[in-house]
Structure formats: structure tokens, C-alpha cells
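What follows is a short report on a single structure.
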Amino acid sequence: MKPLTLCALILLSACLGAPCTDVKGLLAQNTVWETAASPVIVLGNIEIPDNVSLKIQPGVVVKFDGYYRILVRGSLEASGEAKRPVEFVSNREAPDRDDWEGIVFYGEKSGGFLSYCTVKHAFKNMIWKSSPTIQNCQFIRNNYALYLSYSRTAKIFENQISGNAFGIYIDYSSPIIQKNRIIDNDYGLYCILSASPVVGENEIVSNREKNIFMDGSMGKNTSATINNHVYDLMKGLF
């Protein structure tokens, strides 16, 4: 079993006879969660401080063994591949939508990206005052698949978002949301409190309560027009 690279607190266990790596705590230095160390079992909150990065290699499965989070104040780079995604899931045998807290990009110094990742069973995957790129990922059976607050330029491209209570929830934010498939959630796109997303070329259908919800702060925008906004203004750039 190969240990994680440069993790502040690492607990190695037999994992019932199968190779794995147990982790929790503050990352003191730049860290790599390697494919050979998978699965990674999270036994407490993980925090990535300012000026520290966590990189996760293709095929790594991250299992949360309780209501814990990955709090990103520095950089998180989860780089999966189409046939070897990075997975963030519950460690329970019968998981529910809110078994673990979520991935939280927190603050203007935080950033990075999720690419070819699968995220399941979290309460709230949050982007607050941060602008990461989320692309080619699947968000399935979370409470809030993505919650953006005070986020100016986060990029949400080409993801599959299904089976969640809220697909993409936005307040006081202006992310670019393009070419996603947002289906079979309770709410697809939920915009409140002066949200101003640049949205277009998404498939937002078959959501149970409402495909696109907007409160009065959205001005003259309507659910019938908002999903064509980026196509009209930025056609051909993505």
C-alpha cells in the first residue's frame, strides 16, 4: 500500500483486508492523493489552507465515513478521466443525499477545478467567493449539487446533474453555466437574491418542481429566455 504524499495527518488501516488510505485534518503541505492509494477514506474534516494544493489522480475513490467536508481555502485539482473518474461518495452501504457535508471552495484565494469527477450523497457542494472550473462531472443524489454564493466567474461546463434536490442554486453570483444536462432533480436551476448567471445551451428538463426558478430580483429575465442568454451573447466561444 502506497501512502498519500505530504498529507498532514494520515492514518493507514487494513480496511477490512483491502488496501486503502484513511485521512483527516489540515494539509500542511502540497498533497497528492494517488491512484495506488485508493480508496481514500475520510474520517474527519479535510482543510486545504491558503497556498496549499491537493491534487487527486484519475481513478481515486474518496469515501466519506461521516458528515465531513473538504474545505478548500487553497487549491483543489481533481483530475479524472472519462473512463477513470475521481469519485466523491458516501462510505455507507445504503447512502442518502446528505451523508457527508460536501466540497466547499471558500474565499477569494481558493480555486482549482473538478474534471471528470462523480460527486454523490453530499449535503451541499458550495462555491463561496471563489471561481473554480467544474467540467465533465456528474453530480448525482446530493441535496445541493452545486450552491454558488457571491461567486463572480465560476465556470460550470458540460456536466450531468441529476437526482438532486437542487441542481444549481445561485445567489449574488454570476457564474457561466453552459452545455450542462440538468434533469430529474426537484429544482433544476434555482436563482435568487440578484443572481445574474450567464446561462445557455443547457438541457434543463424533467425536473419535478420547476426546471428554472427565479425570484423578483432577476428583473425582466424569464425562465423562457434565460437559457438562451449565453448562446446569443457568446456564441461559438465555448
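The values are calculated or read from the model by the stated rules, or taken from the named source; none is laboratory data. In this text, all values refer to a predicted model and were calculated from it rather than measured experimentally. Cβ atoms come from the backbone with ideal geometry, glycine included; neighbour counts cover every protein chain shown.
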Enumerate the pairs (first residue in segment 24-37 and under 16 Å from SER53 (Cβ atoms); second residue anywhere and at pLDDT below 95 and of a type in the set (Lys, Arg)) with beta-carbon separation below 7 Å, excluding pairs fewer than 6 apart on the same chain, so at least 6 apart or on different chains.
GLU34/LYS2
Conditions (1) part of a loop (DSSP other than H, G, I, E, B); (2) closer than 16 Å to ILE103 by Cβ; (3) touching a Pro at 6+ places or on another chain (Cβ under 8 Å): number failed by THR153:
(2)
Can you tell me which residues in segment 180-196 are modelled with pLDDT of 95 or more and in a loop (DSSP other than H, G, I, E, B)?
ASN180, ASP184, ASN185, ASP186
Given the condition under 12 Å from the mean Cα position of the chain (by Cα) and under 25 Å from GLU201 (Cβ atoms), answer yes or no: does some residue in segment 73-89 qualify?
yes
Looking at ALA94, ALA82, can you tell me which residue is out of contact with any strand residue (DSSP E or B) (no Cβ under 9 Å at 6 or more places or on another chain), closer than 19 Å to THR35 by Cα, surrounded by fewer than 18 Cβ atoms within 10 Å (Cβ to Cβ) and among the hydrophobic types (A, V, I, L, M, F, W, C)?
ALA82
When (1) surrounded by fewer than 20 Cβ atoms within 10 Å (Cβ to Cβ); (2) over 19 Å from the mean Cα position of the chain (by Cα) are applied to SER38, the one that fails is (1)
Any residue in segment 95-102 that is at pLDDT below 95 and farther than 22 Å from TRP128 by Cα?
yes
Using the structure shown, decide if VAL32 is surrounded by 18 or more Cβ atoms within 10 Å (Cβ to Cβ) and either at pLDDT 50 or above or within 17 Å of ARG69 (Cα to Cα) (or both).
no
Scan segment 197-224 for residues that are at pLDDT below 85 and either buried (at least 17 other Cβ atoms within 10 Å of the Cβ) or under 22 Å from the mean Cα position of the chain (by Cα) (or both) and jot them down.
MET218, ASN221
For segment 38-78 the number of residues that are part of a strand (DSSP E or B) and among the acidic types (Asp, Glu) is 2
List the number of the failed condition for GLN135; all other conditions in (1) buried (at least 19 other Cβ atoms within 10 Å of the Cβ); (2) out of contact with any Leu (no Cβ under 7 Å at 6 or more places or on another chain); (3) not small (Gly, Ala, Ser) hold.
(1)
